[in-house]
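The values are calculated or read from the model by the stated rules, or taken from the named source; none is laboratory data. If you're wondering where the values come from, they're calculated on a predicted model, not measured in any experiment. Reconstructed Cβ throughout: ideal geometry from the backbone, glycine too, with neighbour counts over all protein chains shown.
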Amino acid sequence: MKTLVTMLLIIAGVHAFAQQSQSCSTEPHSHDFDFWIGEWDVYQTGTTTLVGHSIVESISGGCGILENWTSVKGSTGKSINYYNPATGKWEQDWIGTGGGPQRYLNGIYKDSVMHFTYEATANNKPVTGNFKFYNIDKNTVRQYQGVNNDDGKTVTVSYDFTYVRKKF
């Protein structure tokens, strides 16, 4: 009987380890953000004004996306993006030469748009905002960030960029 109990515990442990070690790339939503992967020239939306370049790549066996940003003025930044199966949402962590880190949460891909929300501090007051990536077509992505002011009554646009896939 003791041997049977030991065997059952070993089998249960192996099964639990196998479930934990499954690749996150097999998660149903882990590729929702793949439309952003590529090399991009980035413009102020609605203009021909180049604001930067971005290389966005799949990392860790398809379990994450790494953005490598360089503005035309020389500032740089990186974001790591991943689907969190514990929350069922996408998350992004950003750090750049222009300031402190920013975390974007609650990412959901719906109607060809990846929607994030965020909280930050401005003038010693908490602010919230929306961060969106519009999957326009295979060669165009629009990135928009807005800050909610006055408890969401007004929105200030932080930036509005259009990513155009580089042609090689």
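Here the condition is being touching a residue at least 40 places away in the same chain (Cβ under 8 Å) and over 17 Å from the mean Cα position of the chain (by Cα); of K73, K138, it holds for K138 alone.
What about I108, is it within 22 Å of T140 (Cα to Cα) and modelled with pLDDT of 95 or more? Yes, satisfied. Among the residues of segment 29-46, the ones that are assigned to a strand (DSSP E or B) and surrounded by 15 or more Cβ atoms within 10 Å (Cβ to Cβ) come to 6 in all. Could you list all residues from segment 58-77 that are surrounded by fewer than 14 Cβ atoms within 10 Å (Cβ to Cβ), closer than 19 Å to K166 by Cβ and not hydrophobic (A, V, I, L, M, F, W, C)? The one that is surrounded by fewer than 14 Cβ atoms within 10 Å (Cβ to Cβ), closer than 19 Å to K166 by Cβ and not hydrophobic (A, V, I, L, M, F, W, C): T76.
Among the residues of segment 52-72, the one identified as at pLDDT 95 or above and assigned to a loop (DSSP other than H, G, I, E, B) is V72. Going residue by residue through segment 147-164, is there one that turns out to be of a type in the set (K, R) and more than 18 Å from H53 (Cα to Cα)? Yes, that holds for at least one residue.
Here's the yes/no breakdown for (1) in contact with a Ser or Thr (Cβ under 6 Å, 6 or more places away or on another chain); (2) modelled with pLDDT of 95 or more:
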residue: G77; (1), (2): no, yes
residue: G88; (1), (2): no, no
residue: Q92; (1), (2): yes, yes
residue: T128; (1), (2): no, no
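Out of the residues in segment 121-141 that are surrounded by 14 or more Cβ atoms within 10 Å (Cβ to Cβ) and aliphatic (A, V, I, L, M), which is nearest to T156 (Cα to Cα)? Ranking the candidates gives V127 first.
Checked against (1) assigned to a strand (DSSP E or B); (2) out of contact with any Phe, Trp or Tyr (no Cβ under 7 Å at 6 or more places or on another chain); (3) farther than 18 Å from F35 by Cα; (4) among the aliphatic types (A, V, I, L, M), I80 passes all but condition (3). Please work out if T87 is of a type in the set (V, I, T) and more than 29 Å from H29 (Cα to Cα). Criteria not met by T87. Taking the numbered list (1) over 26 Å from E27 (Cβ atoms); (2) aromatic (F, W, Y); (3) part of a strand (DSSP E or B) in turn, F168 passes all entries but (3). Checking T49, T3 one by one, the residue that is of a type in the set (S, T, Y), modelled with pLDDT of 95 or more and surrounded by fewer than 14 Cβ atoms within 10 Å (Cβ to Cβ) is T49 and no other. Just a yes or no: is a residue in segment 114-136 in a loop (DSSP other than H, G, I, E, B), more than 26 Å from D32 (Cβ to Cβ) and either polar (S, T, N, Q) or in contact with an Asp or Glu (Cβ under 6 Å, 6 or more places away or on another chain) (or both)? Yes, segment 114-136 contains at least one residue that is in a loop (DSSP other than H, G, I, E, B), more than 26 Å from D32 (Cβ to Cβ) and either polar (S, T, N, Q) or in contact with an Asp or Glu (Cβ under 6 Å, 6 or more places away or on another chain) (or both). Taken over segment 83-101, residues that are within 28 Å of T48 (Cα to Cα), assigned to a strand (DSSP E or B) and of a type in the set (S, T, N, Q) amount to 1.
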